[in-house]
Every structure is written in C-alpha cells, then in structure tokens.
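Asker: Below is one structure. I have some questions about it.
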Amino acid sequence: MSQSTTLTHRFIARYLIETQTPLGVGAGTTGLENERMVALDANGLPYIPGTGITGVLRHMLEASLKDEETINKLFGYQSDKENDGQGSLLTVSPACLVDLEGSKVIEGIIPQEDADRLKQTFQLLLERDHVRINDRGVAVKYGKFAEKLVFKGTRFVFEIGLSGVEEDEHFFQALMKAIESKSFRLGAGTRNGFGAFCIENRKSRMYDLRQSADFDAYLAKTSSLNDHFAGAEEKTSFEDDLNDDLKKNWTTYKLNLTPEKYFIFGSGDLEYNYDEANWLDNFSKKEKIIEWEEGKGELSYEPYHIIPGTSVKGALAHRTAYHYNRLTKTTVKFTLNQNEKPNLSFDIEKALQEFDLEVEVAKMNYASNSPDWEEWIQKVKSWSVEDSPLWRDYVSDIEGEKSEKIAVKEATGESNEAVKQLFGFAKREKEKEEKKEEDTKPEGARGKVIIQDVYLKPGNTTEKDITHVSIDRFTGGAKEGALFDEKVVSHKDELTIEIMVEKDGLKDPKIKEAFELAIKDLCKGALPLGGNTAKGHGVFVGDYQTKIV
C-alpha cells in the first residue's frame, strides 16, 4: 500500500443486505435462559456492530493478500516499540436495521411510536436450543445451551470507507470482493450455517479530493446511512462474483433429497395441541421469517419448518469418522479406568416420601369432587418409581459416571483426523495448563464445512400427531396413563441441501473419500437425519452432485 502521507482519495461503498439464515451477533451478555443475547441499539432493536464486520474483513484479507504490512496499514496496528503504530485507514459503520416499510434506516434514537411498532416484530427473536454431543453421539450431561438469533430476511445497511491515494483503489476492490464473496458471513455460528446474507444492492464512489467537484461532493455527503449518496454507482447483481469465490476456494455438494415418510427435528420445547386439548412432548422446529414484497417486509403469518444445518452436520461428522477409520483400518478401542469406583445409590424410601408429600399437598388444594382431584387420583394409580426426580437424577449420574470413566483412543469424535480437518475441534483448557513447553500445534480450529438451514414453505409440509405409550423398564409393560404425543412432518416435494467445503479440508484423498461416502449414505437412506430415527423417521433418498461453477 502507498507510503504517502497525503491521502488524496476517499473510497466509499454502502451495502443493503438481507439475511438468508438466522443471524447471531452477540451482545457479550447472557440471559436467564440464553447463553448469548443479540446486540441491540438504543431503541432496543437488532444491529450489527462495525467491529463485527471489520473483524471478518480483516480475517479474509489476511488469507487472500498474505501481506502483513498492507493489512497493518489498512486496519491499523500497535507495537511495543516507542512511537510505533498507526490508526486504521479503513472505517466501517454499524449495520443498522432497515424498517419494514423499506424506506429508511434505523440510526440514532427514533420516535417511541416508531420503535414500538418495530418492536412488535423484533421483541420476540428466534431461539435455538443446542446440546453438546460426545464422541459416541450421546448428549453430554449439562451440555444444553440456547442462543438468541435475528430472523432470516432481516435487512441491514452499512458503509465501508478507505482513505488513500489513487493507486490504493485495488485494495478497496479487494475489500468489496471479500464482502461480496459466498463465504463472507457475520456473527457467531457461521460454521453452523448462521450469518449468511445476500446483497440487495451496493452503491460506491471514489472521491478525488484534488478535484474541486469531488471535494465539494465529499464534504456534502454526511455519515447518515439515509443520505442520498449522490453520484454513487449502483450494482444489484453479484452472481459472477459469488461464482468466482466458490470456484477458487470451495467445493460445493448439492444434495437433492426427498423424505421417504416422516421426519422430526426437535424444538426442545412443548406445544399445546388445541384440537386434541393435550400437550405435545416432541414436535419439529419451526421459525418465522421476514418476507419482502414490493419493497415492504412483514413477519410471515405461518412459521416455516426447518432442517437445521447443525443436524445434517452432526450426522455427517459421525459417519465421516466411521468411514475414515474403515479406510485407514483404524480400530476404535475403549478402556475403562478402574482407579475410581462409582459411588452411587438410590434411596427408594426417600422417593416414596417425596411422592406422599406431593399427594398430601394436592389434597389441601383440590376439592374432592373437582377435575383436578380426579387427575391426581389417576396420577397416584399410575405412579412409578421412574417418575421420581431422584430416580431420574440417579440414572443421569450413572450415565455421567460411565462417560467420565471411558478413555477413547484417537479415532472418534474430535480426536478423529477427518473430523478435525473438516469439522474443527475445540480448545482444551486442561491440555493448555499441562503444557510445559511452547507447543506449535493449534489449540483449536474452526470447521471447514458450511451447511445452511433449509426452510420448507408451509404449504408444502404436512404435520401428523403420533401417540406413544411409555414402557415401565421394570415390568416391560405399558404404564397406565403414560401416553405421550409427538408431531412429525412430511414434505411432498424434493428439497435441496447445499454443502460448502473449503478445498483445503479435502486435500487428503482418504478424508475426501470418507466425507463423500457419508454423503452417499445420506442420499441412499442409510444415514437418517433428525430425531427418533430408531422409529424409522428421518430417512431421505436422492442423489448429489459436485457443483460445477
């Protein structure tokens, strides 16, 4: 980049973007029920801090330019040396929400009436539940967490600006190319499919401050994102730019699948069935989106069923590990650590006392001729030891003891080489503490596979309630009064799942073969997706192709 101290040019680009998947831009705080809250502006509405955009830009340019000196001059740097450092030549504004009328950007404090109207849509944001899965595909105890997300279809506007000289235009072009690439995503969970967006339009202009007309135009332009931006060149089609990025850096697998019967991607919540006047214990995840028509947005009346990219990713990771071990002739062995003996017990007398106390409390609150009293009578008749919280805690503790006592050789989960290369691995704090010498090995790495959520239009899906009966594990018989329901989904049309993989992750031929074998298993129905697969749900069949750009 130019060493000149006279900055004669200003390069500015303004982007209108629309989220294609949920967006998780954290506020750095947690809520009572959520591990990550969404960043909100002074009006209580979602926005994307400029630092979040700058960080992604810097990361992408570091990978593409591979020039530390240029990166430092663009983004600024600090040094331990005295009087050594430089401010950033790049400015990035926050990405501010576009109102649903499509007429203005929400910046600064707006009238309370306008804020309240928008809050009707954005007050109750999306919530995604997750659970940590161990190497055997089993949920980890206390591994459940949730996060808040912004709706798919939400629109934002932001600007980037670069100060420099005429020769620096190609650096500004590189910045715009990064933003317009398929892999540029914002917020958290980008490798889980979140943070994808499409660019509705881009307005850009170069100002040569040596020319009086450009100088006056630059002074007349304000920092407001609602500014007219006079003289800017507008671009609305970015397909060629996206294809160039995909061809150069990514391998894309396009899966065309049709569900054989039913599937269910659990929401982790309960739903009341008004038709049957009962609660559904398990139903598929649904989310509303912002839909735009003729320049105006509206929260969808009906929610869309979704196939979460995380569900597809987890299944593929597990099956990829299996095929990689088979191809490399790796045997998975489990050894039990006998140094510590489980010291768990279940006090059945205490469990009975807790139940008796619960019944006594019910007697004090319900009249003997009331429906509530009849309900309690039925509960007493059908009560089993398994209904005791003590028993559930006992079973959970046993599972926890088993998980903690098993030591696994490097062949499963994040210890599997194919899983590490493709799906990443987490930092191990315990291992960091045990390091005595500086280790050059990475302490963690993000995944190289991106799978976006699939949204199914309400008119193309059908729901069906299925009733089950709980089985008593002691007698093997049905529990009296222990019916429960689930709501499964069928989809009549073919659906498409697109999987993007960084080419660097597929350099090892065996890793590539293992991953593609896992995809083939999915396409031929041998790798079901979602919940209750043991009941036959989640079988998809179809084919796939490596997308040629």
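Asker: Name every residue in the range 519-537 that is among the aliphatic types (A, V, I, L, M) and loosely packed, with under 15 Cβ neighbours inside 10 Å, in order of residue number. Break it down stepwise before answering.
Answerer: Quick first cut of the range 519-537, residues among the aliphatic types (A, V, I, L, M) only: 519, 522, 526-527, 529, 534.
Across the range 519-537, the qualifying residues are Ala526, Ala534.
Asker: Condition first: among the hydroxyl-bearing types (Ser, Thr, Tyr), modelled with pLDDT under 90, on the phi < 0 side of the Ramachandran plot and out of contact with any helix residue (DSSP H, G or I) (no Cβ under 6 Å at 6 or more places or on another chain). Can you find one or more residues in the range 157-173 that meet it?
Answerer: The initial filter retains those residues of the range 157-173 that are among the hydroxyl-bearing types (Ser, Thr, Tyr), namely 163.
Subset that is modelled with pLDDT under 90: none.
Within the range 157-173, not a single residue is among the hydroxyl-bearing types (Ser, Thr, Tyr), modelled with pLDDT under 90, on the phi < 0 side of the Ramachandran plot and out of contact with any helix residue (DSSP H, G or I) (no Cβ under 6 Å at 6 or more places or on another chain).
Asker: Tell me yes or no: at least one residue of the range 115-122 is assigned to a helix (DSSP H, G or I), under 18 Å from Lys152 (Cα atoms) and either open to solvent by 70 Å² or more (accessible area, probe 1.4 Å) or of a type in the set (Gly, Ala, Ser) (or both). Talk me through it step by step, then tell me what you get.
Answerer: Going residue by residue through the range 115-122, those that are assigned to a helix (DSSP H, G or I) are 115-122.
Then keep just the ones that are under 18 Å from Lys152 (Cα atoms); that gives 118-122.
Next, from what is left, pick out any that are either open to solvent by 70 Å² or more (accessible area, probe 1.4 Å) or of a type in the set (Gly, Ala, Ser) (or both): 120.
Looking through the range 115-122, at least one residue is assigned to a helix (DSSP H, G or I), under 18 Å from Lys152 (Cα atoms) and either open to solvent by 70 Å² or more (accessible area, probe 1.4 Å) or of a type in the set (Gly, Ala, Ser) (or both).
Asker: Going by the conditions given, is Ile497 crowded, with 20+ Cβ neighbours inside 10 Å, touching a residue at least 60 places away in the same chain (Cβ under 8 Å), assigned to a strand (DSSP E or B) and among the hydrophobic types (A, V, I, L, M, F, W, C)? Let's see the steps before the verdict.
Answerer: Details: crowded, with 20+ Cβ neighbours inside 10 Å: yes; touching a residue at least 60 places away in the same chain (Cβ under 8 Å): yes; assigned to a strand (DSSP E or B): yes; among the hydrophobic types (A, V, I, L, M, F, W, C): yes.
Yes: the conditions hold for Ile497.
Asker: Looking only at the range 252-284, count every residue that is in a strand (DSSP E or B), modelled with pLDDT of 85 or more and surrounded by fewer than 18 Cβ atoms within 10 Å (Cβ to Cβ) and tell me the total. Show your work before the answer.
Answerer: Residues of the range 252-284 that are in a strand (DSSP E or B), as a first pass: 252-259, 263, 266, 271-273, 278-280, 282-284.
Keeping just the survivors that are modelled with pLDDT of 85 or more gives 252-259, 263.
The next check asks that each one be surrounded by fewer than 18 Cβ atoms within 10 Å (Cβ to Cβ); those that pass are 252, 254, 256, 258.
Residues flagged as in a strand (DSSP E or B), modelled with pLDDT of 85 or more and surrounded by fewer than 18 Cβ atoms within 10 Å (Cβ to Cβ) within the range 252-284 amount to 4.
Asker: While we're looking at this one, here's another question. Name every residue in the range 420-471 that is open to solvent by 90 Å² or more (accessible area, probe 1.4 Å) and modelled with pLDDT of 85 or more, in order of residue number.
Answerer: Passing the criteria: only Lys457.
Asker: Further question on the same structure: Go through the range 39-73 residue by residue and tally those that are of a type in the set (A, V, I, L, M) and open to solvent by 70 Å² or more (accessible area, probe 1.4 Å). Break it down stepwise before answering.
Answerer: Looking only at the range 39-73, we keep the residues that are of a type in the set (A, V, I, L, M), and these are 39-40, 42, 45, 48, 53, 56-57, 60-61, 63, 65, 71.
Add one more test, that the residue is open to solvent by 70 Å² or more (accessible area, probe 1.4 Å), and what stays is 40, 42.
Final tally of qualifying residues: 2.
Asker: Related question: Tell me which residues, restricted to the range 287-321, are in a strand (DSSP E or B), under 30 Å from Val105 (Cβ atoms) and within 15 Å of the chain's Cα centre (by Cα).
Answerer: Step one: of the range 287-321, the residues in a strand (DSSP E or B) are 287, 290-293, 296-299, 304-307.
In the following step, the residues that additionally are under 30 Å from Val105 (Cβ atoms) were identified as 287, 290-293, 296-299, 304, 306.
Correct list: Glu287, Ile306.
Asker: Moving to a separate point now. If you scan the range 176-222, which residues turn out to be among the β-branched types (Val, Ile, Thr) and open to solvent by less than 30 Å² (accessible area, probe 1.4 Å)?
Answerer: So in the range 176-222, the residues among the β-branched types (Val, Ile, Thr) come out as 179, 190, 199, 222.
Answer for the range 176-222, where residues must be among the β-branched types (Val, Ile, Thr) and open to solvent by less than 30 Å² (accessible area, probe 1.4 Å): Ile179, Thr190, Ile199.
The values are calculated or read from the model by the stated rules, or taken from the named source; none is laboratory data. Just so we're clear, the structure is a prediction, and the values are computed from it rather than from any experiment. We place every Cβ from the backbone using ideal geometry, glycine too, and count neighbours over all the protein chains shown. Just so you know, the surface numbers come from the protein's heavy atoms only, side chains and all, with ligands and any DNA or RNA stripped out. Shrake-Rupley method; radii C 1.70, N 1.55, O 1.52, S 1.80 Å.
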